[in-house]
Amino acid sequence: MSLRIVVIGGGASGLMAAICAARLGAAVTVLEKNEKPGRKLLATGNGRCNLTNLRQEPDCYRTSDSELAQTVLKQFTLGDTLSFFEQLGICIHERNGWIYPASEQAESVLNVLLLEAGYRKVKIKTRETVQEILPDGQGYLVKTGTWQYPADRVIVCCGSAASAVPGSGNFAQTIAKDLKLLTVPFLPSLCPLKCSGERFSSWAGVRILGSVKLLIDGKEAASEKGELQLTEYGISGIPVFQISGLAVRSVNEKRKVEVVLDFMPERSEEELVAFLEQRRKVCPYKKESELLIGVVPEKLIPIFLSKGKEFSRIASVMKQYRLKVLGQSDFARGQVCQGGIRLCQLTKDLESQKYPGLFFAGEALDVDGACGGYNLQWAWSSGAVTGMASAKEREQ
């Protein structure tokens with residue numbers, strides 16, 4: 001008789017786990033609370049689905065147990081991921097190390113996963129919200145609002161409350177509390193930052209190339225360059241996303257958190273002053289505000305003149321615009337969740353040491369990656385490892 005495996009969550013890690021378990025002969029049922037599986041997957045990479053990244057180093061992933069996280073990633077590698085999707089029919093497109101489907105449509109990735117799941121006879125039950133998991137003899141009983149599913153093994157792939165995708169929730173927190181599992185606080189990551197300030201309404205909507213430096217208790221903790229997005233509540237954009245996890249966690253720890261924005265990273269302050277002086281020589285009839293037209297977005301000009309009209313003061317504001325960070329703007333704006341169930345309670349196959357037969361994958365765990373396909377790589381790797389391990393018969 002085939003092992004009965006219930007996968008909670010029909011997202012990236014859940015579909016991967018289901019397919020890998022079914023390929024080994026297990027009878028797999030996926031319980032998905034949304035009307036359709038994979039809704040969060042459809043939103044990844046702005047709908048283009050950044051599948052993974054060619055650069056795979058330990059510092060690409062944040063976790064309280066890097067050794068175990070790396071063990072999982074080495075069991076189902078970048079190469080395994082590329083081969084898996086190529087076998088399903090996805091042609092790979094690479095851009096600066098970031099990997100996308102050639103169609104640049106997340107829907108393509110979801111469709112091939114669902115086709116493979118159907119071929120492997122995986123049952124996908126939608127609109128099923130799991131309420132509890134109960135140990136039942138040698139297995140488990142998974143209860144929803146309408147039914148109960150007996151299972152030999154259970155894989156929790158329920159995602160998190162991060163993202164604005166309908167159906168995102170905190171079941172991982174609930175099950176961790178019910179089963180008395182240790183967790184790292186669940187917080188958003190890869191998210192915009194809410195800052196204190198009075199000028200945000202005037203700069204909202206501006207996009208500008210620049211850099212952001214993160215200060216924690218007055219000391220530099222991280223820095224990134226790229227396109228900054230200025231919002232009505234603070235700052236956003238990929239450079240901000242890359243430092244956001246550490247910033248949010250530090251705010252949660254009641255530490256002093258600030259960012260310093262540099263709107264002219266290609267020039268030093270001295271060079272910037274000389275640049276403005278040269279512009280004045282060419283156009284002596286222009287006021288200071290008019291000299292900045294064509295250099296920076298016009299919404300920012302009043303902000304750069306806020307400390308005075310001397311070129312040294314203007315350059316200082318442009319190079320060192322400091323903001324206090326209050327935290328994330330909204331949990332739903334986070335692309336992923338940081339924190340989760342501690343890996344130290346799990347085996348190398350992500351099986352609970354306390355509850356044999358209960359596995360965890362994806363965002364339920366205390367692992368999150370940098371922007372650039374790393375969170376999906378963790379979903380593929382953790383899903384595959386749990387799927388394959390759960391379908392193996394126990395040695396007597």
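Taking amide H atoms as placed 1.01 Å from N in the peptide plane, list the residues 5 or more away in sequence, or in a different chain, whose amide H sits under 5 Å from that of residue 235.
Counting only residues 5 or more places away or on other chains, the set is 193, 195.
Looking at the chain only, what percent of DSSP beta bridges run antiparallel? Nearest 5 please.
Antiparallel bridges make up about 75 percent of those DSSP assigns within the chain.
Per residue, how much accessible area does the chain show when a 1.4 Å probe rolls over the protein heavy atoms, in square angstrom?
46 Å²
May I ask you to derive the FRET efficiency for residue 322 and residue 86 from their Cβ-Cβ distance with R0 = 30 Å, giving the value to the nearest 0.05?
0.05
For the modelled label position 7 Å from the Cα of residue 274 along Cα-to-Cβ, which residues of the range 298-327 have backbone nitrogen atoms closer than 20 Å?
310-320
Label point 7 Å out from residue 95 along Cα-to-Cβ: which residues of the range 10-46 have amide N under 17 Å?
42-46
Any chance you could tell me what percent of the C-alpha pair distances in the chain go past 36 Å?
In whole percent, the share of Cα-Cα pairs in the chain beyond 36 Å is 32.
What's the local net charge at residue 35, with K and R +1, D and E -1, over the other residues with C-beta under 14 Å away?
+4
Rounded to the nearest 500 deg cm²/dmol, what is the calculated helix-only ellipticity per residue at 222 nm for the chain, with -39500 (n - 2.57) per DSSP H run of length n ≥ 4?
-9500 deg cm²/dmol
From the Cα gyration tensor of the range 305-396, with a ≥ b ≥ c the square roots of its eigenvalues, which class applies: rounded if a/c is under 1.5, or else prolate if a/b is larger than b/c, or else oblate?
In terms of gyration-tensor shape, prolate.
Just grab the label-to-label distance for residue 123 and residue 266, each label 7 Å out from Cα along the Cβ direction, in nm (one decimal).
Roughly 6.1 nm, to one decimal.
Write down the percent of antiparallel bridges among all DSSP beta bridges whose residues are both part of the range 1-108, to the nearest 5.
55 percent
Report the residue, chosen from 180, 40, 74, that carries the largest GNM mean-square fluctuation when the chain is represented by alpha-carbon nodes joined by springs under 10 Å.
180
Say a site is exposed when it is one of the chymotrypsin sites (Phe, Trp or Tyr not before Pro), sits in a DSSP loop, and has at most 12 other Cβ atoms within 10 Å; what is then the longest site-free stretch of the chain?
Counting at most 12 other Cβ atoms within 10 Å as exposed, the longest clean stretch of the chain is 1-146.
Would you work out what percent of the accessible area of the chain, with all protein chains in place, is carbon or sulfur (probe 1.4 Å)?
Carbon and sulfur: 48 percent of the exposed surface of the chain.
Given a Förster radius of 30 Å and the C-beta distance between residue 348 and residue 43 as r, what FRET efficiency does 1/(1 + (r/R0)^6) yield to the nearest 0.05?
0.45
Could you please state, rounded to a whole Å, how far the C-alpha centre of the range 301-366 is from the C-alpha centre of the range 240-276?
14 Å
The values are calculated or read from the model by the stated rules, or taken from the named source; none is laboratory data. What you see is a predicted model; the values in this text were computed from it and never measured. Every residue, glycine among them, receives a Cβ derived from its backbone with ideal geometry; neighbour counts consider all protein chains shown. When the accessible area is computed, the model is the full protein with side chains, heavy atoms only, and any ligands, DNA or RNA have been set aside. Shrake-Rupley method; radii C 1.70, N 1.55, O 1.52, S 1.80 Å.
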